[in-house]
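Q: Following this message is one structure expressed as structure tokens.
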Amino acid sequence: MRRRRTGLPGQALVLGAVCAALLTGCGIRTTSVPVDAGAAPSRVPCSVADGSQGSAQGLPLRVYLLCGAQLEAVERRSPLPEEKVSGDPVRTASALLAQLQSEPSEEERQAGFSTAVKGPLVVGGGHRGDPAGTLRLSRQPEDLPPTALAQIVCTFAESTAGAGSTSVVLGGPGKYEPRRYSCTRELKERPESSVASVPAAPAASAAPPAPAS
């Protein structure tokens, strides 16, 4: 008596082809090449203990460093006594700028932090006729790398050295008019982009004397 063939090998090939077609139709890739599903999440923690660099004494400062292609805040302490810095916007700005130019500590480097602010760079008060609260750098702000300027703007703007409303009025050493720079969420997320600015309002001039009656 003849045995009936089941045809399993042929059926298996057909089923395999159908399954492959179904997988392709459903959008499931059968290749082992990694699928580009957008930017990969950062593998660095971007977080350190408060005051990881500097002594336990001195003025507490908050500076913005680069981490994971974004700006992230880091708590620092200035070596200067608090009474010599607090209440003076120019001294506060100088202390902040010194921290931005300092190389990150070992703990900060391991957490993924870096800085684009390189010296020599100093900050001073505004020129005569500048708007109140103007800070002037020893280099023209727009001549700085965008990431460095973004660090400075956000660090100054969110401190007592800023001009209020998360902004800071910055100028350079020359006679160019200072401009107002704002620290926005977009700037923190994309510090490599150009830092937007607007003309700063000039200092209020003295009112003319009233005419004699």
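Q: Multiply the residue separation of Glu142 and Ala69 by 0.36 nm, subtract the distance between their alpha-carbon atoms, and state the gained length in nm to one decimal.
A: Numbers: separation 73, 0.36 × 73 = 26.28 nm, distance 2.02 nm.
Length difference between fully extended and current span is 24.3 nm.
Q: Still on this structure, please answer the following. Given 37 °C and 0.692 mPa s, compute D for the range 90-213 with the Stokes-Einstein relation, Rh being the Kirkwood radius over Cα pairs; round to the nearest whole µm²/s.
A: Working: Rh = 15.4 Å.
Stokes-Einstein gives a translational diffusion coefficient of 213 µm²/s.
Q: List, in order, the whole-Hz ³J(HN,Hα) value for each residue of the range 158-175 obtained from phi through the Karplus relation with A = 6.51, B = -1.76, C = 1.60 and θ = phi - 60°; use x for Gly and Pro.
A: These are the phi-based 3J(HN,Hα) values: 9, 10, 6, 7, x, 9, x, 6, 6, 9, 9, 9, 10, x, x, x, x, 9 Hz.
Q: Net charge around Pro191, counting only other residues with Cβ within less than 13 Å of its Cβ (Lys, Arg = +1; Asp, Glu = -1)? Write down the numbers at each step before the final one.
A: Details: positive: Arg185, Lys188, Arg190; negative: Glu72, Glu186, Glu189, Glu192.
Overall, the nearby charge balance is -1.
Q: Any chance you could check the Cα centroid distance between the range 158-197 and the range 69-148 for me, in angstrom?
A: 12 Å
Q: Sorting check: for 188-199, 144-155, which peptide has the highest mean count of neighbouring beta carbons within 10 Å, and how do the rest follow? Numbers along the way, then the final one.
A: On the way: 188-199: 14.7, 144-155: 23.2.
Result, highest mean first: 144-155, 188-199.
Q: Determine, from the Cβ-Cβ distance of Gln110 and Lys188 and an R0 of 30 Å, the FRET efficiency 1/(1 + (r/R0)^6), rounded to the nearest 0.05.
A: Details: r = 22 Å, r/R0 = 0.73.
The formula returns an efficiency of 0.85 here.
A short reminder: the numbers here are calculations on the coordinates, not readings from a lab. As the structure is a prediction and not an experimental result, all values here were calculated from the model. Cβ: placed from backbone, ideal geometry, glycine included. Neighbour counts: every protein chain shown.
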